[in-house]
Amino acid sequence: MSGFDNIEKALGVEPSKPLTGEGIPQNAIVAKVDPVPLTDERLEKDLKTDYQLVRDNLKELVDMGKNALDGVIQVAQEGDSPRAYEVVAQMIKTLSETNRELMDLHNRVKTIRKVDQSVTNNSTTNQSIYVGSTKELQDIINSARSSTKAFDNRPDVRDGIQGDKNNE
């Protein structure tokens, strides 16, 4: 007994049998479908196909909008109704938005391709940890201005450091 018995009775149809286990007819063909692997070529093909479909749809909408706009403008001019001119303004706005979407489509595809290329080429390391002293890290980062070189190269400091070492 299924939960649809009352509905089936009200519609005057025979109760359906579930298609699980014993309910599968003897002559039914059961096929195992392996998923299609997702490859770069397939993604590129899908991107091109989807791009072309969206582009064609947007161009068709623009063409239809132009024809409709011509008709609405003619109605507005003949009737001199403020509402008709408001409709014309809305249609112009909608057409300009559709044109903008068509142009944005190009930028989106470029961005998608750029992201695909940059993801494969770049790697970023976040939250790296350096184990050592601050002095050593400064020496590694900027060896030309390291603290030891700055003091060692000045004669007055060098003589003072050597004098301290000799007194010890």
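The values are calculated or read from the model by the stated rules, or taken from the named source; none is laboratory data. In this text, all values refer to a predicted model and were calculated from it rather than measured experimentally. FYI the Cβ positions are ideal-geometry reconstructions off the backbone, even for glycines, and counts take in every protein chain you see. SASA here: full protein model, heavy atoms, side chains in, ligands and nucleic acids out. Shrake-Rupley method; radii C 1.70, N 1.55, O 1.52, S 1.80 Å.
Computed values, structure above
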quantity	calculated
Identity of the residue in the stretch 41-67, open to solvent by less than 70 Å² (accessible area, probe 1.4 Å) and of a type in the set (A, V, I, L, M), that ends up nearest to L102 (Cα to Cα)	L58
Single match in N99, N166 (criterion: assigned to a helix (DSSP H, G or I) and modelled with pLDDT of 75 or more)	N99
Neighbours by Cβ (under 9 Å, 6+ apart or cross-chain): first from the stretch 82-108, surrounded by 12 or more Cβ atoms within 10 Å (Cβ to Cβ); second basic (K, R) and assigned to a helix (DSSP H, G or I)	L95/K66; L102/R55; L102/K59; L105/R55
